[in-house]
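Engineer: The structure's right below; bear with me while I get my questions together.
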Amino acid sequence: MRSTRRLAALATLGLALAACSSEAGTQAEESAENTAEVQEDVEFEAGTTMAELNEAGAITIGTKFDQPGFGLLNPQTGDPEGFDVEIAKIVAAELGIPEDGITWTETVSANREPFIQNGQVDMVVATYTINDARKQVVDFAGPYYIAGQDIMVAEGNPEGIEGPDDLAGKTVCSVEGSTPAQNIRDNYPQAQLVTYDVYSKCADDLRNGNVQAVTTDNVILTGLVAGSDGAFELVGNPFTEEPYGIGLELGDTDFRNFINDVLEESFEDGRWADAWDRTAGSITGEEAPEPPTVDRY
């Protein structure tokens with residue numbers, strides 16, 4: 001798969017993301033002006049994943065297609081854009097791979113591990129929370145960002161939802177295979193949980209009144225709020241920590257160490273903060289936070 005370029009299927013984005021198309025176009029223009037500098041004449045130890053990808057001049061990367069600010073498909077270019085995408089470009093550039101050598105594959109929450117295990121992608125950068133259960137089947141580099149689970153409600157918060165305890169008896173939507181959905185099942189069982197494969201469907205249900213709340217990571221919800229034309233608001237009461245990592249094949253320690261090195265360098269030289277400012281930061285209005293500490297487990 002690493003030497004085969006495949007077209008990623010276009011995602012059905014849903015009404016809640018339609019209003020984000022202008023932001024998507026703006027981000028695409030800014031990203032085009034601030035592409036990651038591709039390293040030339042780099043050499044890697046023979047037999048490593050880095051050497052194979054560098055020799056091929058191509059990499060297949062899984063990311064989300066429906067999350068403004070982190071991974072949103074631009075309908076004009078057919079490519080995703082956002083903070084996750086820019087982080088992935090930085091890693092690819094350090095492998096000597098330019099943007100036109102990247103094949104983007106949509107990975108929803110439920111298929112990230114299978115896609116890595118089956119070799120359908122070389123790595124996944126997709127608001128991917130590092131946790132012990134997932135570390136049994138895939139490896140993680142990072143984290144490169146720490147999010148927190150929050151709740152999105154209709155404008156004006158008509159149900160008076162201030163935190164997860166208020167979800168009891170309410171219909172709440174999340175995405176199957178995500179840590180937020182599992183957290184609701186495990187710790188807030190009195191909530192009526194509805195799950196889909198992508199968050200845009202949850203946003204559609206909230207807009208149509210089919211659910212009273214949507215829950216996932218705060219940065220994902222912030223993007224959905226920004227694209228809702230005032231229909232949604234964020235409760236603003238995070239109740240977990242979600243360390244985002246880059247997923248890769250289990251046991252590929254050399255590749256994991258390489259990506260961790262790249263992440264740490266990007267923290268120090270400003271590329272990480274610049275990627276934030278041009279993507280998620282441009283939607284949230286927040287400056288880049290302090291980068292997290294990489295966990296070299």
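The values are calculated or read from the model by the stated rules, or taken from the named source; none is laboratory data. This structure is a prediction, so every number in the text was calculated from the model and none was measured. Cβ atoms come from the backbone with ideal geometry, glycine included; neighbour counts cover every protein chain shown.
Engineer: Could you grab me the full set of residues in the stretch 268-297 that are among the polar types (S, T, N, Q) and closer than 17 Å to residue 82 by Cα? Spell out the reasoning first.
Structural biologist: In the first step, residues of the stretch 268-297 are kept if they are among the polar types (S, T, N, Q); the result is 279, 282, 284, 293.
Listed by number, the residues that qualify are 279, 282, 284.
Engineer: Would you please list the contacts, defined by Cβ atoms under 6 Å and residues six or more apart or on different chains, that run from a residue in the stretch 106-123 that is touching a residue at least 40 places away in the same chain (Cβ under 8 Å) to a residue that is in a helix (DSSP H, G or I)?
Structural biologist: From the stretch 106-123, the pairs are 107/115; 121/115.
Engineer: Right, another one. Restricting to the stretch 192-208, what's the tally of residues that are in contact (Cβ under 8 Å) with a residue 24 or more places away in the chain, closer than 17 Å to residue 158 by Cβ and not basic (Lys, Arg)? I'd like the intermediate steps shown before the answer.
Structural biologist: First pass over the stretch 192-208, keeping only residues in contact (Cβ under 8 Å) with a residue 24 or more places away in the chain: 197-207.
Then drop every residue that is not closer than 17 Å to residue 158 by Cβ, which leaves 203, 205-207.
Imposing the further condition that a residue be not basic (Lys, Arg) reduces the set to 203, 205-206.
Within the stretch 192-208, residues that are in contact (Cβ under 8 Å) with a residue 24 or more places away in the chain, closer than 17 Å to residue 158 by Cβ and not basic (Lys, Arg) number 3.
Engineer: Same structure, new question: Among the residues in the stretch 136-150, are any at pLDDT 95 or above, over 23 Å from the mean Cα position of the chain (by Cα), of a type outside the set (S, T, N, Q) and over 30 Å from residue 49 (Cα atoms)? Full working, then the answer.
Structural biologist: Filtering the stretch 136-150 down to residues at pLDDT 95 or above leaves 136-150.
Right, trim to over 23 Å from the mean Cα position of the chain (by Cα) and you get none.
Checked the stretch 136-150: no residue is at pLDDT 95 or above, over 23 Å from the mean Cα position of the chain (by Cα), of a type outside the set (S, T, N, Q) and over 30 Å from residue 49 (Cα atoms).
Engineer: Looking only at helices (runs of 4 or more DSSP H) that lie completely in the stretch 152-270, which have at least 1 residues being among the β-branched types (Val, Ile, Thr), surrounded by 23 or more Cβ atoms within 10 Å (Cβ to Cβ) and in the same structural domain as residue 119 (by TED's automatic domain parsing)?
Structural biologist: Details: elements: 179-187, 199-208, 218-226, 253-269.
Filter on the stretch 152-270 gives 253-269.
Engineer: Name the helices (runs of 4 or more DSSP H) wholly inside the stretch 1-108 in which the number of residues that are in contact with a helix residue (DSSP H, G or I) (Cβ under 9 Å, 6 or more places away or on another chain), assigned by TED's automatic domain parsing to the domain that holds residue 250 and at pLDDT 95 or above is 1 or more. Talk me through it step by step, then tell me what you get.
Structural biologist: Details: elements: 21-33, 49-56, 83-94.
Helices (runs of 4 or more DSSP H) meeting the threshold: 49-56, 83-94.
Engineer: Cβ contacts < 7 Å: first residue of a type in the set (Phe, Trp, Tyr), restricted to the stretch 49-69; second residue buried (at least 21 other Cβ atoms within 10 Å of the Cβ) and not in a strand (DSSP E or B), any location; separation 6+ or different chain. Result?
Structural biologist: Once the first residue is of a type in the set (Phe, Trp, Tyr) and sits in the stretch 49-69, no partner that is buried (at least 21 other Cβ atoms within 10 Å of the Cβ) and not in a strand (DSSP E or B) comes close enough.
Engineer: For the stretch 178-204, how many residues are more than 15 Å from residue 220 (Cα to Cα) and either β-branched (Val, Ile, Thr) or at pLDDT below 95 (or both)?
Structural biologist: Count: 3.
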